[in-house]
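Below is one structure; the comments refer to it alone.
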Amino acid sequence: MMQRPVETLQVTPLLKNLPPLLLVAVLIFILDQFTKWLIVQKLKTSDYIPVIDGFFNIHHVRNRGAAFGILQGQKMLLVVVTIAALGLIGYYYFHYRQSLWMRIGLGFLLGGALGNLIDRIRMGEVVDFLQFGLLPNYAWPTFNVADISVCVGTGMIFILFYLERNETQQPDEPNSV
């Protein structure tokens, strides 16, 4: 009896390039949610633990707004903006899926955006706990793993766009007299 050849599953380039984005996003999301859960379990809101005196504290705070405490109490607006950002992540993935750098940067953005989005939907606020200070009475606004991830992803994308812009620019031709 003659056997038919086994057909191989053809993975489209879209799916083939997806794993770095998903791997980074899932790892960030898990780390973010685990660290927030740990803080909620171990510290009451407003409690803090000095790690490096005068420089770094674990400080459990709740943020009903966005970065730096702006847009306090604007939960629906922040949810809608985050969903729109998820759409932009998808758009950039489709247009830059051949770039590993972009896929990893988008993975950082996706993991961070989902981490804070879940908090906003579930609790109406985001758990923040990382606090750095430079002077005795000055502390940078408290943040979390998702915030770091969004900053890293945004930085990676800006670097890519900057490098691409420089590659496409032609050197100025000397002026002819």
Sorted on mean Cβ neighbours within 10 Å (highest first), peptides 124-130, 162-168, 96-102 come out as 124-130, 96-102, 162-168
Calculate, axis by axis, the spread of Cα positions in the stretch 61-134 along the three principal axes, and write the results as whole Å, longest axis first.
-> 40, 33, 19
Honestly the stretch 30-177 on the Cα gyration tensor test (a ≥ b ≥ c root eigenvalues; a/c under 1.5 rounded, otherwise a/b vs b/c for prolate or oblate) is just prolate
Between Leu71 and residues 5 or more places away or on another chain, the pairs with built amide H atoms under 5 Å apart involve Ala66
Under the Karplus curve 6.51 cos²θ - 1.76 cosθ + 1.60, θ = phi - 60°, whole-Hz ³J(HN,Hα) for the stretch 62-75, x wherever Gly or Pro sits = 10, 10, 8, x, 10, 3, 6, x, 6, 6, 4, x, 9, 3
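No value in this document is a laboratory result; all are computed from the given coordinates. Everything numeric in this text was worked out from a predicted model, so none of it was measured. With ideal geometry, Cβ positions are generated from the backbone for all residues, glycine too; neighbour counts draw on all protein chains shown.
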